1. Could you check ILE329 against (1) modelled with pLDDT under 95; (2) more than 30 Å from THR206 (Cβ to Cβ); (3) among the hydrophobic types (A, V, I, L, M, F, W, C) and say which number it fails?
2. Which helices (runs of 4 or more DSSP H) does region 233-343 wholly contain that include 3 or more residues that are in the same structural domain as ASN387 (by TED's automatic domain parsing) and surrounded by 15 or more Cβ atoms within 10 Å (Cβ to Cβ)?
3. From the residues in region 159-180 that are modelled with pLDDT under 95 and buried (at least 18 other Cβ atoms within 10 Å of the Cβ), which one is farthest from the ligand (Cβ to nearest atom)?
4. Could you check, for region 186-194, whether at least one of its residues is of a type in the set (Val, Ile, Thr), over 23 Å from VAL236 (Cα atoms) and either within 16 Å of the ligand (Cβ to nearest atom) or at pLDDT 95 or above (or both)?
5. Checking GLN358 against (1) closer than 24 Å to ASN403 by Cα; (2) loosely packed, with under 13 Cβ neighbours inside 10 Å; (3) modelled with pLDDT of 95 or more, which test does it fail?
6. Every residue in region 76-94 that is at negative phi and within 13 Å of the ligand (Cβ to nearest atom), please.
Amino acid sequence: MILGKYSFGIGDRFCHQGKPQLAALIKAKEQGLDITPVWNKSHREHNIIGTSHADTRKEADDAVAAYEWNRPYLVDADHIGLNNVDEFIASSDFFTLDVADYIGKKAEETDIKSFVQKYKKYTGTLAIDGIDKTFDISEEQITAIADKSLTAVKQAGKIYRHISSAKGADNFITEVSMDETAQPQTPVEMFFILAAIADEGIPAQTIAPKFTGRFNKGVDYVGDIRGFAKEFEEDVAVVAFAVKEFGLPENLKLSIHSGSDKFSIYGPIAKALKKFDAGLHIKTAGTTWLEELIGLAMAAPDGLSIAKEVYDKALSRMDELCGPYQTVIDIDREKLPTAQEVDKWDGERFASVLRHEQSCEHYNINFRQLLHVAYKVAAEMGIRFSNALDKYEDIIAENVTENIYERHIRPLFIGLQSEFGYK
Ligand SMILES: [Zn+2]
């Protein structure tokens, strides 16, 4: 199975928005841009909501059938490990092997030695096509990278072989993710990690490093944008170089996790993709649930009262809800409106505080982040919440499609194909 050049991670908390998400990709297709939809959902999300991956598969299949999408589409077992991969095998054809917890675990001396022996030919000055500067590589540096990363890559190998023996090697796409680590990987680290991935026989088609800066859930990038732009370009160049050096799959590309709403870096990303004629996978699924809340709020009055109830409960259960997301949210509690204040709002006001329009005077980044992690509250409302999603399907769908197409696909992929008829 070969993943297309551009692919987009969708999938949503409650498995309700398959069609409006796919509609955004259909709009892109109408503009001549081929983007493969990938429905992704992690074990963590399924656990919190009480869904299974078969629900995600059904959501994808139903949307594809309803809109007669005759292009490739995939279902991604996101952030899986050996302990939970089995429940994803039947329903997935894309697997994101998460080995972040193994990074930094000491590797075997013999493995480190043979790795250094094999790759010490890169010591000295290393020049990579497309990067102006050169890198000084020492044997100590390769040793340190091997020591820190080989255990993680070997673990990825175990997961890969487990899936491969169950599904057959040609029947799925493999991503290796290291994004949920404390430290970002430098382009040089990534180069040697890709060497180890090739040695392990993992035909990775996407790799998700941790980039510098903060990729908080559902809000814009926080960090040095020029620094990010430089690092991202170097990563793209390293991937292309590693493909040639190590015989990795030709279409290997970067995958950006927590990629939704990182508006300030979409420009630099698009520029790098264009410069290197590179592909991209980006995962955005989490914020579709916020579009559901926006749609409900605009469908006053009973939709609005559900949205307000979610906020009210989220406020009183903040620690519990934020717990699993501690490293990827920054909420200033002082700046959250009180439940009494929110209760006075009309639907337009609720939507404008939540919607990610940074130029809007009402937009509140803290309110948005808290609601982003509050989907558990909605899950607990059960049928009452899902009935509201059904009842206000049309207005929600409009928001979901517009968010993905206008705020994500357009700025990221616009102008990437020369024959592109974008207006
Ligand atoms: Zn991730």
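1. (2)
2. On the way: elements: 263-276, 288-298, 302-316, 318-322, 339-343.
In region 233-343, 288-298, 302-316, 318-322 are the helices (runs of 4 or more DSSP H) which contain 3 or more residues that are in the same structural domain as ASN387 (by TED's automatic domain parsing) and surrounded by 15 or more Cβ atoms within 10 Å (Cβ to Cβ).
3. At the first step, the residues of region 159-180 found to be modelled with pLDDT under 95 are 178-180.
After this cut, where a residue has to be buried (at least 18 other Cβ atoms within 10 Å of the Cβ) as well, the list is 178-179.
Working: MET178: 9, ASP179: 4 Å.
Once the filter is applied, the top-ranked residue is MET178.
4. First, the residues of region 186-194 that are of a type in the set (Val, Ile, Thr): 186, 188, 193.
Those left that are additionally over 23 Å from VAL236 (Cα atoms): none.
Checking region 186-194: not a single residue is of a type in the set (Val, Ile, Thr), over 23 Å from VAL236 (Cα atoms) and either within 16 Å of the ligand (Cβ to nearest atom) or at pLDDT 95 or above (or both).
5. Tallying (1) closer than 24 Å to ASN403 by Cα; (2) loosely packed, with under 13 Cβ neighbours inside 10 Å; (3) modelled with pLDDT of 95 or more, GLN358 fails exactly one: (3).
6. Filtering region 76-94 down to residues at negative phi leaves 76-78, 80-94.
ASP76, ALA77, ASP78, ILE80, GLY81, listed by residue number.
The values are calculated or read from the model by the stated rules, or taken from the named source; none is laboratory data. Since the structure is predicted, the reported quantities are computational estimates derived from the model, not experimental observations. Note: ideal-geometry Cβ built from the backbone for every residue, glycine included; neighbour counts use all protein chains shown.
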